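Derivation of every value follows stated rules applied to the coordinates shown; laboratory data play no part. Please read these numbers as outputs of a predicted model, since none were measured by experiment. Counting neighbours? That spans all protein chains shown, and the Cβs are built from the backbone with ideal geometry, glycine included.
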Amino acid sequence: MKGKTKLIKKDGTRLDGRKPDELRPVRMEVGVLKNADGSALVEMGRTKVIAAVYGPREIHPKHLTLPDRAILRCRYHMAPFSTTDRKSPAPSRREIELSKVIREGLESVVFTELYPRTTIDVFIEVLQADGGTRTAGITAASLALADAGIPMKDLVAGVAVGKVNGILVLDINEVEDEYGEADMPVAMMPSFGEITLLQLNGVLTPEEFEEALKLAEKGIRQLYEHQKEALRKKYSLQKEEV
Amino acid sequence: MSLTPSTFPIIPLVKKKSVMALLEKGKRLDGRSLNEYRPLSIELGYIPKAEGSALVRLGNTVVLVGIKTGIGSPFPDTPDEGILLVNAEFLPLASPSFEPGPPDENATELARVVDRSLREIRAVDLSKLAIIPGKKVWEIWVDIYVLDHDGNLLDASMLAAMAALSSAKMPEAVVEDEEVKLNREKLKDPVPVKHRVVIVTVGKVDGHLIVDPTLEEESLLDARLAIAVSDDGRIVGMQKMGMGTFTADEVRQAIEMAMESSKMLHQELDKALKGKVK
């Protein structure tokens, strides 16, 4: 039952041994796919998400074009084998909603006005789901956009904060999401402190919300460093080769 | 796949400038202040054939919600609980930008935000909706019908859903040999509503925050933040919508505005339901 399952141990750590304000082990890699113009793999613990960017490229059908900017198209999709019970590959209502909130979370970071009448396509595939897949998805997508060489204001990094057994915890996994009292995914442009994605699924007092937002920002700053490191790893090597 | 929409309606630059100039003075085109709602009315029982219904008018926005109930099998992880389902239809008669077909991403998002705002605080007590635990439970359908779109569909939909649910009566369920039959002639128990929830959507344009945007205002907004507030003053859901961003300070301000406006919306709900609900 929600709120009744014990998710915080006596010593104050979580079931997987993390402290409340600790991220799961993070792994990020840029340029993991050959065909895509940009791609990235992001792992947060057992959550594994891959993102690819194609474009700017021509749009079909043509009537979708905008005269003054590129459009952004985004698909968030879960692999059938990513979950405990097989997930049908047909897009669910959840995936339709998340594709929208992720696209809206990326719109303000991309200089779309540089590529009028084109599309920039972002494909996010959740390969293994263990909580925080939309935030891992947007984190991977912004890396893939950078890898595609698309001019951006900043990167976007995201993490979900949860409330379990009355305690606010950073980067919740599936169990904490399922049995916890609240799940709040947040994504930001870290250099500007602008929130590009914010959802709350659960119950918080205004004071708890305030604290949860601070906790999210703390995690996002750490993820931002991982993102920059992953980009440096690919592109500093290339420089040496030349 | 979700894609950048072309803005609708298209607002002439001159108008945009005059809206901005007014906002600078704390005013809006229709004479409202930044934290003021349009005239609101809630009419109960608009569809007598439904178990519960409410027609909400918010300015020129009109949303109708009908509640239907049925018998279903429980989800395996909650064998002793009823099922709440929320669906939204943006009807083609409501706006030149709506097209026939299955719910698009906007309708899907709206339905899911309303659903979550009800679900997380357990506004409807699903544990009271098992008929034969583990086998037969009540299914409560909340169908949101947008009839006329002049902005802020989410707040209007939540009000209509809440009013309809709170005034709904379920048919009598007769159990015979593990089978459940519904006597639709006899409406008996109310839907067990434990908490009332309202949604306040705060729009941001050029650093100004406004509540209850009209369609025209919506097309000028950078972003919107929907905040669901329960009758006991807790935040029970949130959703950032639109292409722009919010700073942490703006979110704080938006929450303050939402807390304030939510009191008015809860009062309006009370007023509409008073005497009609036990």
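Some observations on this one:
- Equivalent ellipsoid, segment A:27-99 (semi-axes from 5 times Cα gyration tensor eigenvalues, Å): 26, 19, 10
- Computing Rg and the Kirkwood Rh from the Cα coordinates of segment A:26-241 gives a ratio, Rg/Rh, of 0.97.
- For segment A:103-141 and segment B:152-200, distance of Cα centres in Å: 39
- Using only side-chain charges placed at the Cβ, +1 for Lys and Arg and -1 for Asp and Glu, the dipole size of chain B relative to its Cα centre rounds to 680 debye.
- Here the Gaussian network model covers chain B, with springs between Cα atoms less than 10 Å apart; of B:Ser261, B:Ser219, B:Ser18, B:Ser18 fluctuates the most.
- At q = 0.07, 0.15 Å⁻¹, base-10 log of I(q)/I(0) for segment B:12-273 (Debye sum, equal scatterers on each alpha carbon): -0.26, -1.05
- Neighbouring Cβ atoms from other chains, within 10 Å of the Cβ of residues in A:91-102, number 5 on average.
- Put simply, when B:186-192, A:36-42, A:87-93, A:150-156 are sorted by average Cβ atoms within 10 angstrom per residue, most first, you get A:36-42, A:150-156, B:186-192, A:87-93.
- Here the 3J(HN,Hα) profile of segment B:126-141, calculated from phi with Karplus coefficients 6.51, -1.76 and 1.60 at θ = phi - 60°, is 5, 5, 8, 10, 8, 9, 10, x, x, 10, 10, 9, 6, 10, 10, 9 Hz, Gly and Pro shown as x.
- Fewest-first sequence of B:Asp177, A:Asp16 by Cβ atoms within 10 Å of each Cβ: B:Asp177, A:Asp16
- By the count of other C-beta atoms within 10 Å, a proxy for reagent exposure, B:Glu120, B:Glu99 are ordered fewest to most as B:Glu99, B:Glu120.
- Put simply, the C-alpha atoms of segment A:11-55 give a gyration tensor, and the ellipsoid matching it has half-axes of 32, 7, 7 Å, longest first.
- Residue-averaged beta-carbon neighbours from other chains (10 angstrom radius) around A:203-214: 4
- Distance from the alpha carbon centroid of segment B:62-120 to that of segment B:234-256 works out to 23 angstrom.
- Averaged over the residues of B:88-94, the number of partner chain Cβ atoms lying within 10 Å of the residue Cβ comes to 0.
- Exposure proxy shown here: for A:Tyr235, A:Tyr224, the number of other Cβ atoms within 10 Å sets the order, fewest to most, as A:Tyr235, A:Tyr224.
- Per-peptide average of other Cβ atoms within 10 Å, ordering B:142-154, B:42-54 highest first: B:142-154, B:42-54
- Rg(Cα)/(2.2 N^0.38 Å) for the protein assembly as shown, N = residue count: 0.98
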